[in-house]
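Everything below concerns the one structure shown next.
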Amino acid sequence: MTFDNISAIFSAFDPQLNVLSSERLYSGLSNDNFLVHTAQQAYLLKSYREHWPSIGLAAQASFAEYKVCPAPMWLNEEKKLAIFEYIDGDIAQDNYTSELIKKLVSLHQHNIVTEPMDIKFELDYYSDTELYQQYQQGVESALVYIYSQPRDNGFCHNDLVKENIILNTEGMYLIDFEYAKTNDVYFDLAALAVSFELTQIQKAQLLKTYHSYLPQQCNFSPSIEKLKCYQVVFLVLCICWYSARGVSDKVKKLCEQLDYLIQ
């Protein structure tokens with residue numbers, strides 16, 4: 001993606017824009033991202049390597065007005081390109097905020113219902129790998145418990161790691177909705193617990209805070225055991241995903257967290 005390529009893309013988006021500079025961002029592993037400065041403002045150009053996330057893009061368009069996420073401003077499905085408003089800020093580090101949980105609740109209550117994520121199907125993709133087989137017993141035990149419990153379905157982000165949470169003076173924003181679809185909301189809550197390395201007390205507080213922001217008519221039973229089982233599932237998926245892409249430092253850290261959790 002050269003400067004001329006990017007200039008041509010932005011000319012198609014808005015011929016009045018004058019691209020001043022572009023910078024490759026190396027935060028994403030499943031797409032190519034570029035910070036593009038124009039005389040008017042900064043934009044994020046995203047080139048998707050894999051599937052075109054039509055569901056996630058539609059959700060972002062809906063939630064951008066509530067300052068949950070950046071707005072998609074131009075889409076080219078044929079070339080798998082999207083331009084977003086660029087939200088300046090830092091990757092979240094220490095902890096989530098109650099404001100983030102409130103935004104997460106609003107996302108989960110989104111009225112779009114898709115085919116639910118099939119957790120076992122996602123796990124089976126890695127079933128032949130050595131890493132998966134190392135944790136197979138723990139995964140199977142977690143799935144038995146998960147399937148014995150009522151589902152708490154919602155429209156989920158499904159990749160709610162710190163790298164996808166941007167913090168600035170205006171609050172916390174969610175980015176990268178490539179995997180967004182209907183799922184048990186505990187999957188997103190487990191992602192937060194894993195990414196922020198929450199203690200047992202903090203996990204209980206997370207569930208309590210989440211529950212407090214739900215509409216009264218929602219049936220949700222805070223369960224530390226269910227959260228733990230979803231943490232196991234989420235961790236194994238992340239470990240296998242990073243391993244397949246050769247990100248060994250992430251694999252090591254997540255394996256340490258999973259070993260501690262299942263012991």
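We did not get these values from a lab; they are worked out from the coordinates using the rules stated. These figures come from a predicted structure and were not determined experimentally. Cβ atoms come from the backbone with ideal geometry, glycine included; neighbour counts cover every protein chain shown.
For this structure, a couple of remarks:
- About its Cα centre, segment 205-263 has a charge dipole of approximately 100 debye under the convention of +1 per Lys or Arg Cβ and -1 per Asp or Glu Cβ, with nothing else charged.
- Cα gyration tensor, segment 122-253 - rounded (a/c under 1.5), prolate or oblate: oblate
- Proxy reagent accessibility, fewest Cβ within 10 Å first, across T182, T97, T199: T199, T97, T182
- Fewest-first ranking of C218, C156, C240, using other Cβ atoms within 10 Å as the exposure measure: C218, C240, C156
- Compactness of the chain is given as radius of gyration and Dmax, 19.1, 59 Å, from Cα positions.
- When each of K208/K228; K203/K226; K80/K250; K162/K253 is checked by Cα-Cα distance, pairs over 18 Å: K80/K250
- Over segment 3-86, Cα pairs under 8 Å with separation of 6+ residues give a relative contact order of 21 percent.
- Cα centroid separation, segment 230-263 to segment 65-122 (Å): 23 Å
- Estimated from helical segments only, the mean residue ellipticity of the chain at 222 nm is -13500 deg cm²/dmol, where each DSSP H run of four or more residues counts as -39500 (n - 2.57).
- Among G171, N33, S47 - extreme Cα towards positive end, dipole of the chain, charges at beta-carbon: G171
- Segment 1-62 versus segment 171-186: alpha-carbon centroid distance in Å: 20 Å
- Across segment 55-71, rounded Karplus estimates of 3J(HN,Hα) from the backbone phi angles (6.51 cos²θ - 1.76 cosθ + 1.60, θ = phi - 60°) give 5, x, 5, 5, 5, 4, 4, 6, 8, 4, 5, 9, 6, 8, 7, x, 8 Hz, Gly and Pro being marked x.
- Counted by neighbouring Cβ atoms within 10 Å, the residues Y213, Y260 run from fewest to most as Y260, Y213.
- At 1.002 mPa s and 20 °C, Stokes D of segment 3-86 from Kirkwood alpha-carbon radius, µm² per second: 163 µm²/s
- Extension reserve of the T129-E163 stretch, reckoned as 0.36 nm per residue once the Cα distance is removed: 9.7 nm
- Mean sequence separation of contacting Cα pairs (under 8 Å, at least six apart), scaled by the length of the chain, corresponds to a relative contact order of 17 percent.
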